[in-house]
Each structure stands twice: as C-alpha cells, then as structure tokens.
1. Could you line up PHE43, PHE64 from fewest to most neighbouring Cβ atoms inside 10 Å?
2. Between helix 15-47 and the chain, what is the angle of the helix's C-alpha long axis to the longest principal axis, kept within 0 to 90° and rounded to the nearest 10?
3. Rounded to the nearest 20 Debye, what is the dipole magnitude of segment 11-76 about its Cα centre when Lys and Arg each give +1 and Asp and Glu each give -1 at the C-beta?
4. Relative contact order for the chain: what percent, with Cα pairs under 8 Å and sequence separation of 6 or more?
5. Between VAL18, PRO59, LEU79, whose Cα lies farthest towards the positive end of the dipole of the chain when Lys and Arg beta carbons carry +1 and Asp and Glu beta carbons carry -1, centred on the Cα centre?
6. With a point put 7 Å past each Cα toward its Cβ, work out how far SER8 is from GLU71 in nm, to one decimal.
7. Between the helical axis of 66-90 and the dominant principal axis of the chain, each derived from Cα atoms, what acute angle in degrees is found, rounded to the nearest 10?
8. Separation between the GLU83 and GLU28 pseudo-spin-labels, each 7 Å from Cα along Cα→Cβ, expressed in nm?
Amino acid sequence: MNQIVLKSNDNVSIKPIVIQALQSEQNELKTGILKTKAKLSAFEKKYNMSTAAFLKATPGSLPFNELEAVEWSGEYETLKRLEDELSRLMKIELCL
C-alpha cells in the first residue's frame, strides 16, 4: 500500500479540496472513456467488425488502410489506459 501525507499551512481542512480534485479527475477520465468508446463504435459500424475481431485479424486481411488500423488500435489502447487509470483512482481511500 502506498501512502501520501498532505499538509497545509492554513488552519482549514484540505480534505474537501482533495476529494474535489479526485472527483474532477474521475469525471475527466469518464468523459475520455465515453469519447473513446464512441470512436471505437464508429470504427465498428464503418467496417461492420467488433474491436475484438479487429484486434485478432491479421493485418493483410483487413478491409482498410494501415493508417485507419493504427488509429483504431490507438483508440483501443487509449480506452484501456483510461479505464486502468479510473480503476486505480476509484480505489484510493482518504484517511484524513
């Protein structure tokens, strides 16, 4: 378990500030996840292929150019990164 200690020179509790910052970051990540899922959905509709099928396909068998394959793959990697970050953030426990 990792811990971090925050101190303030003011006599005001920093707990609400920390909670708000964590919630704001969660909201940003959730927005990013929704946008990325929409981009993945657009690829899936355009090519009538799920992202899972796309990821399993061999490059030569894909019905589109390499740039689109790179974009699709990049969106998938972005989604996984955002979901991982959100998961880690949701596990943070404030012990103030």
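1. Starting with the residue having the fewest Cβ neighbours, the order is PHE64, PHE43.
2. For 15-47 against the chain, the angle is about 0 degrees.
3. 260 debye
4. 40 percent
5. VAL18
6. Simple spin-label model gives 4.5 nm for this pair.
7. Once rounded, the angle reads 30 degrees.
8. Result: 2.2 nm between the two label points.
Readers should treat all values here as calculations from the given coordinates under stated rules, not as data from a laboratory. Fair warning: this is a prediction, and the values are worked out from it, not measured in the lab. Virtual Cβ from ideal backbone geometry, glycine too; neighbours counted across all protein chains shown.
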